Amino acid sequence: MKKDLAGWAAIIAAIAAVMTAIGAPVLFPDLVKRIFPESPTESALQTSQDNTPSASGPSSVDTSPLPHADSVPTSPSSTSPSMPAPVDTDIPLIRWSDTINGKLGLRGSIGQQFTFQCPPSRDPINRLYGTDIYTGHSSVCEAAVHAGVITQAEGGNVTIEVHGEQQAFTASQRSGVVSKGHGRYSSSFTIIR
């Protein structure tokens, strides 16, 4: 094992020498010494440091232990509520143009519920017919925004229930989305959540 470490230390020392020769910061050799404190390449590291001009004189080696991974602080932005939620790989991701009659192919699944992920979007589809119950050729994601379940800017998960033919669909404006009215249509769906 020590032989393997010595080999790696020699490789790292060679990289340190090249980096020093091209003017890279001298911190890299110090890091090598901290990782391999008993390395036989110490003289190679010292040689590469000696060849580097320094305005402040020779650098001192920090021999304090490296921080443990558990002690590294996390940035507040990693838990920020404005960050999008992680993608749930168990829930299918759909496009804003997807409909139950189109790509989703759910027209005959009357009474069944399905959950989908709508990604964030900047551009509305403007393909929405109905209020509370939507035509089968309406955008599922746009219906979810209209129903107040998700926002277009953030996207999110939406659960729908497939229904059959309806005689009429009412137009309305909700959550900044305008839905159009429509006459009888052979398939429909509602937003559950």
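Each reported figure results from applying straightforward, stated rules to the coordinates on display, with no laboratory input. All figures in this text were calculated on a predicted structure; none of them were measured in a lab.
Around the amide H of His163, modelled in the peptide plane, lie the amide H atoms of Gly111, Ser188, Phe189, Thr190, all under 5 Å away and 5 or more residues distant in sequence or on another chain. Length, then width, then depth: along the principal axes, the Cα atoms of the range 112-193 run 33, 26, 15 Å.
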